[in-house]
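Okay, so here's the structure we're looking at.
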Amino acid sequence: MLSRKIADRLAVYPTPFYLYDIDLLRETLRRAVGESSRYGYKIHYALKANFDPRILREALQAGLGVDCVSGNEVRYAIEAGCPASGVVYAGVGKSDKEIMYSLEQGIFAFNCESRHELEIINELAAGLGKVARVALRINPDVDPMTHRYISTGQADSKFGISYKEIEEVAARLPELKNIEIVGLHFHIGSQIRELRVFEYLCLRVNTLWQWFTDHGFRLKHVNLGGGLGINYDQPESELVPDFATYFSIFNEYLKIDSSVEVHFELGRSLVGQCGELISRVLYNKVTAGGKNVAIVDASMTELIRPALYQAHHAIENLTPGAGETLYTIAGTVCESSDIFARDVRMPELRRGDLVSIKSAGAYGSAMASRYNLHDLPEAVYSDSL
Ligand code: LLP
């Protein structure tokens, strides 16, 4: 990965910081756009994965729209130059203020998550004398075979309109005069590595789409969300995710009219591998049980994924010493879950060594916090080193 090639140039930057490989980001975006456009599909960048302004700029330059999950994200995307017509907005808890702002901007679609929300959007749109474009986010009850904290499309999840409620919702729609139903939306989870999950999703979408068509709806687009996973175990063997297979699955299994636009909302697969968290070894210690613990100067405040989801991120010593040791690599925060890796065999870690925590471009800096009054992490871009 990039950090290994330029390790000597990284020593001048105060740690911890995020290092972004802009060439890799561009190549990833180029491949995603290339593979999706073979079938005429459109991609919205899921801004929640990483709102770093430089990364967003690259995504916009690659021609992507933006998938937002808050009013602030909608504003941020538009202020960064994304046309409102490229913005989709999902989220189970949109506030009145966020809805009004998005209505005023005229975004492409609200991905609406409940019957109650439909009524509120209708009411607010009426107040503004507007008609809101809405895609119904349906919870299709498909198991994404991923960590339960990032599963969103199963029967009892808080996301989307239950498939059981569809008839009731459809019956209410004619009264909601300030809503135009323009599409259906699905997003079943994140870090999906079992690609057959997307085949199952298509089969559910086909059935639901048919139901809407049979009931007189003339929908213009279907949005299949995001979720394509990345290789955290061996990032270098798969720096760019397999977009070709991913999009070809939808091309093969999705059976809806060819005039219908097909949209996606990719986050992790676009930006995950281009980011590394660079940290420095502070201290070594040995526990009573004989475990070697290396304390680094990053923590769950820069990258919470290991603490929150027991996520694995490959770690490399960029200035390796001799000999290999089994290490627990721990962060600085006063939480026992603040561990980046347990029992990993790696070259000796000495005070001052730089380590790279890989595949940290998605849901890394975006989820950073100021817990323990830590500073938020800075970013370093490969083309401005
Ligand atoms: N669309 C919607 C409606 C979403 O909720 C998400 C992610 C995406 C698209 C993008 O999904 P992606 O392509 O990135 O899988 N913090 C967690 C991931 C949370 C995902 C939230 N929703 C993590 O670090 O694994």
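The values are calculated or read from the model by the stated rules, or taken from the named source; none is laboratory data. What you see is a predicted model, and the numbers here were worked out from it, not measured in a lab. Glycine gets a Cβ as well: all are built from the backbone with ideal geometry, and neighbour counts include every protein chain shown. Calculation scope for accessible area: heavy atoms of the full protein, side chains included, ligands and nucleic acids excluded. Shrake-Rupley method; radii C 1.70, N 1.55, O 1.52, S 1.80 Å.
Brief remarks on what is shown
- Residue match in the stretch 35-49 (condition: on the phi > 0 side of the Ramachandran plot and in contact (Cβ under 8 Å) with a residue 12 or more places away in the chain): yes
- Residue match in the stretch 181-189 (condition: open to solvent by less than 70 Å² (accessible area, probe 1.4 Å), more than 16 Å from the ligand (Cβ to nearest atom) and not assigned by TED's automatic domain parsing to the domain that holds GLY361): yes
- Within the stretch 345-385, tally of residues that are within 16 Å of the ligand (Cβ to nearest atom), more than 14 Å from SER3 (Cβ to Cβ) and outside any loop (DSSP other than H, G, I, E, B): 3
- Scanning the stretch 149-166 for residues that are within 14 Å of the ligand (Cβ to nearest atom), of a type in the set (A, V, I, L, M, F, W, C) and not in a strand (DSSP E or B) yields a total of 2.
- Residue that is in the same structural domain as TYR89 (by TED's automatic domain parsing), within 16 Å of the ligand (Cβ to nearest atom) and of a type in the set (Asp, Glu), where the choices are ASP242, ASP257: ASP242
- Scanning the stretch 212-230 for residues that are within 29 Å of the chain's Cα centre (by Cα) and either within 15 Å of the ligand (Cβ to nearest atom) or polar (S, T, N, Q) (or both) gives HIS221, VAL222, ASN223, LEU224, GLY225, GLY226, GLY227, LEU228, GLY229, ILE230.
- THR146 at pLDDT below 95, within 23 Å of ILE166 (Cα to Cα) and either touching a Pro at 6+ places or on another chain (Cβ under 8 Å) or within 16 Å of the ligand (Cβ to nearest atom) (or both): no
- When we screen LEU176, LEU201 for residues that are in the same structural domain as GLY267 (by TED's automatic domain parsing), touching a Pro at 6+ places or on another chain (Cβ under 9 Å) and among the aliphatic types (A, V, I, L, M), the only hit is LEU201.
- Near pairs, Cβ below 7 angstrom, 6+ apart or cross-chain, from the stretch 148-174 (within 29 Å of GLY229 (Cα to Cα)) to any residue that is β-branched (Val, Ile, Thr) and away from the ligand (no atom under 16 Å from the Cβ): ILE161/VAL169
- If you go through the stretch 304-328 and keep only what is without any contact (Cβ under 8 Å) to a residue 40 or more places away in the chain, in a helix (DSSP H, G or I) and not hydrophobic (A, V, I, L, M, F, W, C), you end up with just PRO306.
- Test: residue in the stretch 226-235 that is among the β-branched types (Val, Ile, Thr) and over 19 Å from GLY364 (Cβ atoms): no
- The residues of the stretch 150-173 that are within 16 Å of the chain's Cα centre (by Cα) and either open to solvent by less than 10 Å² (accessible area, probe 1.4 Å) or not assigned by TED's automatic domain parsing to the domain that holds ALA125 (or both) amount to a single one, GLY153.
- Taken over the stretch 126-178, the criterion of being within 27 Å of MET100 (Cα to Cα) and of a type in the set (Phe, Trp, Tyr) is satisfied by PHE159 alone.
- Within the stretch 271-303, restricting attention to residues that are among the hydroxyl-bearing types (Ser, Thr, Tyr) and part of a loop (DSSP other than H, G, I, E, B), the residue that is farthest from the ligand (Cβ to nearest atom) is THR287.
- Of all residues in the stretch 235-287 being β-branched (Val, Ile, Thr) and over 30 Å from ALA7 (Cα atoms), the one that is surrounded by the fewest Cβ atoms within 10 Å (Cβ to Cβ): THR287
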